Structure formats: C-alpha cells, structure tokens
Amino acid sequence: MKKFLDLGLQPLANKYLTKKDLINRKKEQFYHLEVGFDNKTKLVSILNKISSYKMFDNDYPYRSSMSKTMTDSFKKLSKKIIRDYKSRFILEIGSNDGSLIQNFNKKKVICVEPCKNLAKITKKKGFKTYDEYWDINLAKKIKSKYRNIDLIYSANTLSHIANLDSVFKSINYVLSDDGILIIEDPSLLECLKRVAYDQFYNEHIYVFSLLSIMNIIKKHNLQVFKVEKLKTHGGSIRYFIKKKVNLKIKIHNSVKKHLQDELKYKMNNFKTYIKFRNKVKKSKRNLVSILNDIKRKNKKVIGYGSTAKSVTILNYCKIKSETLDYFVDTTPNKTNKYMPGTHIHIKNYKKSLLDDVDYIFLGAWNFKDEIFKKEKKFIKRGGKFITHIPTPKII
Ligand code: TMP
C-alpha cells in the first residue's frame with residue numbers, strides 16, 4: 001500500500017458523545033486517517049485499521065431506514081430480485097435494521113448483523129437473524145442448517161471488513177454453485193470525481209472500484225457478470241457476481257463499459273491519487289474560507305445530517321461549534337449527543353430549528369435532493385446551503 005492522502009488525527013466516526021461523556025471529559029479514541037493505493041490489486045484502503053469489535057458494537061447508531069432514498073432503493077431492488085430470481089433463498093450480510101429484508105417473505109431470508117441493537121430489531125420483526133460477525137465459522141454454521149444459499153446480498157458492509165479474503169472465502173463456502181452474490185458499496189470513481197474525501201473514515205476500510213473487486217474475487221473463483229450504477233451514498237456500484245465453476249457466464253456489457261470508465265480516469269495509476277490529494281487540500285482551503293466569510297458577517301450556520309462522513313470533514317478542516325451552532329438529524333441514537341472530536345451538539349430534527357438559520361452545511365450531501373424537497377420553506381425565505389461536493393460552494 002502506497003500512501004497518497006493524510007486526513008490527520010480523527011476520532012472514531014460513529015462514536016457520538018453524551019452530555020455525561022463531555023462533563024466527565026471522556027477520553028475519545030483517535031487514529032491517524034491515512035489512505036493508500038495498492039498497485040497490484042488497485043485497491044484503495046485506509047492504512048490504520050480499527051478492530052471491528054470496537055466499531056460494530058451493541059449500540060451502533062446508523063439506521064438505514066432513516067432515509068427515504070435508501071428505503072426506496074431497497075424496495076426497487078427487492079422487486080427486481082423477486083421478479084428475476086424467484087425461488088431464491090436469501091442471506092443478507094449486514095442487514096442493519098431490516099430495511100431491505102422487510103420486503104421479503106420471512107421464510108426465505110436470513111440476516112447477519114453483528115450490532116446487537118440492530119439485530120434485535122429484525123429478530124423482533126420475526127426474521128431469522130445471526131447477531132455475529134461474518135466469517136467462516138458463521139458460514140459453516142449457516143450451511144449446516146440451511147444447506148446452500150442461492151442469493152447473498154450485502155450493501156455497505158463488505159467495505160467495512162478488513163479481511164476480504166476471509167469474507168469471500170466464507171461467501172464461496174455457503175453460496176450454491178449457480179448462486180448469485182450481489183454487493184453494493186460506494187464507488188471509488190464517483191469519490192474521486194466528486195472529491196468526496198469524506199468517504200474515508202475508520203469504518204470505510206475500503207472504497208472499491210470494479211478494477212479492485214475483480215482482482216480480489218478472482219482468487220476465490222468468483223466473477224462479476226453485471227454492474228449497475230446507483231445514486232445512493234453519493235454514487236455506488238452494485239456488483240452482480242457468480243461462481244466460475246462449470247458455468248458459461250454471460251458477461252453483461254455494463255462490466256466492459258464501467259471498466260473502460262475507470263481506466264479512462266486512470267484509476268490504475270498512482271498519479272491519479274496524487275492529483276486527488278491536491279484537490280482535497282484545495283477543497284479544505286475553500287470550505288474554510290467560505291465558512292469564515294459567513295461567520296464574519298455574523299450569520300447563523302448549522303449542519304444538516306450528522307453523518308459519519310462529516311466527522312472526517314469537520315476534524316480535517318477543524319470546524320467546531322464556533323462555526324456550526326449545531327447539527328440537526330432524525331436518527332434517535334444520534335440526537336441529543338455530540339459529534340466525535342469537535343463536540344458539536346446534535347439536535348433532534350424539527351422544522352422550527354431552521355427558522356433563524358441563514359446557512360446549512362450539508363453533512364448528508366448524498367441526500368441533497370431529498371433534503372431540498374423537504375426544506376422548500378427554508379429555501380423560499382432565502383436560506384442557503386453550503387456543500388463541499390464537488391467543490392465548496394453556496395447553493
Ligand atoms: P449517511 O450519509 O451515513 O447515510 O447518513 C445520513 C444521515 O443524515 C443520517 O444520520 C440521517 C440523516 N438525515 C436526516 O437527518 N434527515 C434527512 O432528511 C435525511 C435524508 C438524512
């Protein structure tokens with residue numbers, strides 16, 4: 001791994017602090033956020049990895065059902081899966097609070113979700129849920145009970161697991177020979193194009209490209225046969241994968257097309273990542289300058305969406321509560337808490353909290369359309385948004 005980006009000392013992204021933590025001056029864990037490129041596999045990853053046990057515990061705050069964009073995307077995919085792969089028995093790795101599997105028949109799905117607070121939700125709804133980490137031991141346990149699984153789905157999860165060889169070996173073990181693996185994760189191409197350096201934080205160990213996925217899975221006898229571009233999470237890729245065994249796999253044109261796009265952007269070349277680093281430095285300078293100008297005019301600025309991504313931005317750009325009065329968010333486990341590192345207060349979203357606000361920093365820039373639709377009143381009375389994507393600006 002060759003380092004190309006240094007985002008400084010960062011706190012663990014989803015570790016929001018309580019008021020009691022602040023009073024007791026609780027010591028937060030920081031790590032050095034550096035990002036590197038592996039010339040052999042073309043994989044981009046953070047260099048200092050945090051243990052899964054520390055990140056995905058029994059009090060994990062992120063809920064995929066909190067956004068209509070996500071639930072709509074899952075509903076659309078579920079319809080497609082039911083239509084195209086009728087009788088499949090499905091395993092979801094990283095089922096969160098069940099926003100995808102709730103669209104399926106309970107008898108035809110099993111969930112894997114190591115965060116016990118989230119697993120509890122799907123268990124309560126009657127879905128068979130293993131509250132364990134995905135590895136070969138769990139794969140063996142599942143296979144002995146359910147024989148082969150013929151569809152495995154995993155969204156925004158595999159990029160969170162350090163040992164990719166173990167991940168794909170375990171998938172290979174349970175997946176039937178004609179089974180299908182569907183994974184989706186943020187797209188490195190979109191991350192580079194949008195200068196979305198906030199895709200990097202301790203949980204996002206990898207930001208995948210088609211190039212890197214193809215290199216990693218080939219030693220596990222797996223092959224990408226189709227890709228779809230998604231708008232979710234600021235631009236994601238959905239990879240459709242099959243086992244190579246005894247099958248003549250028809251490769252969809254989308255694979256060739258996306259590969260060409262990645263090569264055209266020179267994603268196989270380290271120099272591209274150095275260019276990205278320079279854009280990140282410029283993005284920081286411009287965002288800080290926009291915020292300083294606004295504060296000099298005594299305007300009120302808040303944050304919208306206390307995302308894990310914005311933790312990277314705030315700590316890298318050193319934006320604190322002198323600049324952003326507070327964040328608003330709808331997630332119950334985040335509200336009335338404080339942002340990691342910068343300790344900006346997170347208030348439970350209420351429309352009236354925007355009444356005297358002049359500018360809103362879009363922490364959840366990936367939900368811009370959904371938020372703009374929701375905040376028509378704020379926009380109509382002259383309220384402005386600030387985003388750093390793709391370059392810092394006021395909109
Ligand atoms: P994510 O970008 O990591 O998916 O997180 C999005 C965050 O934004 C999540 O904490 C929920 C929050 N959010 C709101 O508070 N209101 C909204 O309207 C939307 C779309 C998201």
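Tabulated data for the structure shown
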{"read-out": "Residue match in the stretch 240-248 (condition: open to solvent by less than 50 Å² (accessible area, probe 1.4 Å) and more than 30 Å from Ser73 (Cα to Cα))", "value": "no"}
{"read-out": "Conditions (1) of a type in the set (Ser, Thr, Tyr); (2) touching a strand residue (DSSP E or B) at 6+ places or on another chain (Cβ under 8 Å); (3) assigned to a helix (DSSP H, G or I); number of the one not met by Tyr201", "value": "(3)"}
{"read-out": "Subset of the stretch 85-116 [open to solvent by less than 40 Å² (accessible area, probe 1.4 Å) and in a helix (DSSP H, G or I)]", "value": "Ile101"}
{"read-out": "Checking Ile82 against (1) open to solvent by less than 20 Å² (accessible area, probe 1.4 Å); (2) among the aliphatic types (A, V, I, L, M); (3) away from the ligand (no atom under 16 Å from the Cβ), the condition it does not meet", "value": "(1)"}
{"read-out": "Top-ranked residue in the stretch 322-335 [being among the β-branched types (Val, Ile, Thr) and either surrounded by fewer than 16 Cβ atoms within 10 Å (Cβ to Cβ) or farther than 25 Å from Pro390 by Cβ (or both); ranked as farthest from the ligand (Cβ to nearest atom)]", "value": "Thr335"}
{"read-out": "Given (1) open to solvent by 20 Å² or more (accessible area, probe 1.4 Å); (2) away from the ligand (no atom under 12 Å from the Cβ); (3) under 20 Å from the mean Cα position of the chain (by Cα), number of the condition Pro340 does not satisfy", "value": "(1)"}
{"read-out": "Yes/no for Ile237 being within 13 Å of the chain's Cα centre (by Cα), assigned to a strand (DSSP E or B) and at pLDDT 95 or above", "value": "yes"}
{"read-out": "Among (1) in contact with an Asp or Glu (Cβ under 7 Å, 6 or more places away or on another chain); (2) away from the ligand (no atom under 16 Å from the Cβ); (3) closer than 27 Å to Asn14 by Cα, the one test that Val109 misses", "value": "(3)"}
{"read-out": "Residues being within 24 Å of Asn105 (Cβ to Cβ), assigned to a loop (DSSP other than H, G, I, E, B) and either touching a Ser or Thr at 6+ places or on another chain (Cβ under 7 Å) or open to solvent by 20 Å² or more (accessible area, probe 1.4 Å) (or both) - total across the stretch 118-168", "value": "9"}
{"read-out": "Residues located in the stretch 367-395, provided they are modelled with pLDDT of 95 or more and either among the hydroxyl-bearing types (Ser, Thr, Tyr) or open to solvent by less than 40 Å² (accessible area, probe 1.4 Å) (or both)", "value": "Ile371, Glu375, Phe378, Gly383, Phe385, Ile386, Thr387, His388, Ile389, Thr391, Pro392"}
{"read-out": "Count - residues of the stretch 36-63 that are within 16 Å of the ligand (Cβ to nearest atom), more than 30 Å from Lys218 (Cα to Cα) and of a type outside the set (Asp, Glu)", "value": "4"}
{"read-out": "Selection status of Lys282, open to solvent by 50 Å² or more (accessible area, probe 1.4 Å), away from the ligand (no atom under 16 Å from the Cβ) and under 30 Å from Lys351 (Cβ atoms)", "value": "no"}
{"read-out": "Matching residues, the stretch 1-35, being within 24 Å of Lys219 (Cβ to Cβ) and of a type in the set (D, E, K, R)", "value": "Lys2"}
{"read-out": "Matching option when the condition is within 13 Å of the ligand (Cβ to nearest atom), under 26 Å from Leu192 (Cα atoms), more than 19 Å from the chain's Cα centre (by Cα) and free of Cβ contacts under 8 Å to residues at least 60 places away in the same chain, among Ile319, Ile360, Ile395, Ile302", "value": "Ile360"}
{"read-out": "Strands (runs of 3 or more DSSP E) wholly inside the stretch 1-79 containing at least 2 residues that are over 18 Å from the mean Cα position of the chain (by Cα) and touching a residue at least 60 places away in the same chain (Cβ under 8 Å)", "value": "2-11, 30-37"}
{"read-out": "Unmet requirement for Arg381, which otherwise passes all of (1) under 13 Å from Ile302 (Cα atoms); (2) more than 11 Å from the ligand (Cβ to nearest atom)", "value": "(1)"}
{"read-out": "Test result for Asn268, in contact (Cβ under 8 Å) with a residue 40 or more places away in the chain and open to solvent by less than 70 Å² (accessible area, probe 1.4 Å)", "value": "yes"}
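For every residue, the table says whether it meets (1) in contact with a Leu (Cβ under 9 Å, 6 or more places away or on another chain); (2) under 24 Å from Met339 (Cα atoms); (3) part of a loop (DSSP other than H, G, I, E, B).
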site	(1), (2), (3)
Leu263	yes, no, no
Lys266	no, no, yes
Lys275	yes, no, no
Asp293	no, yes, no
Lys309	no, yes, no
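The values are calculated or read from the model by the stated rules, or taken from the named source; none is laboratory data. The shown structure was predicted, so the numbers you read here are calculated from the model rather than taken from an experiment. Using ideal geometry, Cβ is built from the backbone for each residue, glycine included, and neighbour counts are taken over all protein chains shown. Quick note on the areas: whole protein, heavy atoms, side chains included, nothing else; ligands and nucleic acids left out. Shrake-Rupley method; radii C 1.70, N 1.55, O 1.52, S 1.80 Å.
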